[in-house]
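Please treat every number below as a calculation from the coordinates, not as lab data. The shown structure was predicted, so the numbers you read here are calculated from the model rather than taken from an experiment. In this analysis, Cβ positions are derived from the backbone assuming ideal geometry, glycine residues included, and neighbour counts consider all displayed protein chains.
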């Protein structure tokens, strides 16, 4: 009986100490906010610290890595919205979508993979629910590129990235038109390797999105995507596209 009483007294003591610690911590935090922190904010020495700058600007930062991730996600969503009006579906004479393309001039020049517009066919372009007759201006089978033209004006275009600024590990995304319902589909990943003839990513995707433009997180064109038999995504680099299109 005595041992049981001692155990109960120990439990009560532990609970009492815990409650005291919580109350003391709360009082200490309140005193810090009321008397210490206002003096820190007014002290010029502490003004150099980032958490003080963030507090004065009304920013709440949990940690730097999480903040960067949130900012990148917001940038990615904004970039998708900014470039989607320049993405087109390439339609064959059989009324099927063979792949995607990208408007590169406001008067209707479009870049696509040569494999989605093989010689001998007639093609149209689906843009924002409207069908445009497309003329094939030229093909480069070696680099798998084709240049198309539709009649248009004030069409939405995107920026080209600087080839020298594309880095390993850089976050990228593709955006293309699904053949099934002409809706947009996207996928994202990072640059895995950079070669003169190809930019390889860690993205896996089906061939239904072939010739989809590949962008950096800011919505600048990095290349046009190709998929191998395993679905691994690479891209014809922006430098090849610039040379071929003359832009």
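Using a simple spin-label model with pseudo-atoms 7 Å out from Cα toward Cβ, residue 229 and residue 206 lie 2.0 nm apart. Averaging Cα coordinates gives a centre for segment 190-247 and one for segment 78-138; these two points are 16 Å apart. Counting only Cα atoms, the size of segment 86-149 along its three principal axes is 32, 27, 15 Å, in decreasing order. Counting beta carbons within 10 Å around each of 217, 199, 104, 194 and listing the fewest first gives the order 194, 217, 104, 199. This ranking places 139, 192 by how few other beta-carbon atoms lie within 10 Å of each, fewest first, which gives 192, 139. One quarter of the surface of the convex hull around the alpha-carbon atoms of segment 158-245 equals 5.5 nm², the direction-averaged projected area. Each of 184, 132 was scored by other Cβ atoms within 10 Å of its Cβ. Arranged with the fewest first, they read 184, 132.
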